[in-house]
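Working notes for the structure below.
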């Protein structure tokens with residue numbers, strides 16, 4: 001039997017996407033093992049989720065005045081110590097240094113709450129509402145040096161209703177995040193997913209610029 005993919009999830013907050021991946025691994029849907037959860041915030045509820053699942057949790061706060069490069073070197077050392085095959089960013093609220101991104105090129109995933117390339121950065125749900133968009137969603141992508149700009153693997157779309165509040169839209173998108181992120185992790189663990197200079201590949205086939213679309 002092939003050795004399971006060693007997954008490390010990196011978080012800053014509640015870890016709801018972490019929980020979705022923990023559940024998918026526990027149910028045998030993902031042929032991988034989460035071997036560690038790293039948070040830059042000690043109060044992150046995601047660390048409690050990790051403890052509840054018997055997964056090692058590591059708090060790695062930034063030191064006062066520490067450079068991004070110095071912090072990322074310490075993060076890389078933790079990832080190496082855990083022998084990470086796949087790094088899953090799940091609400092990690094830090095911009096990564098080029099050195100860290102390059103070190104894990106093709107082995108680092110992120111989920112972003114918009115239909116990339118629309119609305120990179122923060123406050124995506126409010127921006128979609130302000131723009132009067134009829135659809136919104138989320139994207140799983142490989143991480144590159146461009147913020148939220150790596151090759152998209154899979155997107156899920158949700159409708160935006162006239163009467164929507166930001167809370168309602170956020171919850172609708174979260175539901176889809178929890179569905180598509182474990183699926184992409186599954187593809188990676190199965191050896192089906194890769195990245196090259198042209199973009200993301202699934203089963204050796206180059207994915208379109210906006211990845212696969214998945215309707216709600």
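What follows draws every value from the coordinates through simple rules; no lab data is involved. Predicted model only: the values in this text are computed from it and were never measured. Positions of Cβ are backbone-derived with ideal geometry, glycine not excepted, and every protein chain shown enters the neighbour counts.
Applying the Kirkwood pairwise sum to the alpha-carbon positions of segment 1-104 produces a hydrodynamic radius of 13.9 angstrom.
Fully extending the segment from residue 203 to residue 67, taken as 0.36 nm per residue of separation minus the present Cα-Cα distance, adds 45.1 nm. Largest GNM mean-square fluctuation across 85, 148, 197, computed for the chain with C-alpha springs under 10 Å, falls on 197. A Förster radius of 30 Å combined with the Cβ-Cβ distance from residue 4 to residue 135 puts the calculated FRET efficiency at roughly 0.25. Among 184, 158, the ranking by other beta carbons within 10 Å of each residue's beta carbon, starting with the fewest, stands as 158, 184. For the chain, the longest principal axis of the C-alpha atoms and the axis of helix 16-26 are separated by about 60°. By the gyration tensor of its Cα atoms, with a ≥ b ≥ c the square roots of the eigenvalues, what is the shape of the chain: rounded for a/c under 1.5, prolate for a/b over b/c, or oblate? Cα axes put the chain in the rounded bin. If you line up the long axis of helix 166-189 against the longest principal axis of the chain, both from Cα atoms, how many degrees apart are they, to the nearest 10? Taking Cα atoms only, the helix is inclined about 50 degrees.
Dividing the summed helix terms, -39500 (n - 2.57) for each DSSP H run of n ≥ 4, by the number of residues in the chain produces a 222 nm estimate of -10000 deg cm²/dmol to the nearest 500. Can you compute the FRET efficiency between residue 81 and residue 102 using 1/(1 + (r/R0)^6), with r the Cβ-Cβ distance and R0 = 22 Å? Round to the nearest 0.05. Given R0 = 22 Å and the Cβ-Cβ separation, E is 0.70. Between the alpha-carbon centres of segment 9-45 and segment 135-201 there is a gap of 16 Å. Model label sites at residue 165 and residue 95, defined 7 Å from Cα along the beta-carbon direction, differ in position by 3.3 nm.
Working value for segment 144-216: equivalent-ellipsoid semi-axes of 27, 14, 11 Å, each the square root of 5 times a Cα gyration tensor eigenvalue, largest first. Taking the longest Cα principal axis of the chain as reference, the axis of helix 68-81 is set at about 70 degrees.
Applying 0.36 nm per residue to the separation of residue 145 and residue 196 and subtracting their alpha-carbon distance, the gain on full extension is 16.9 nm.
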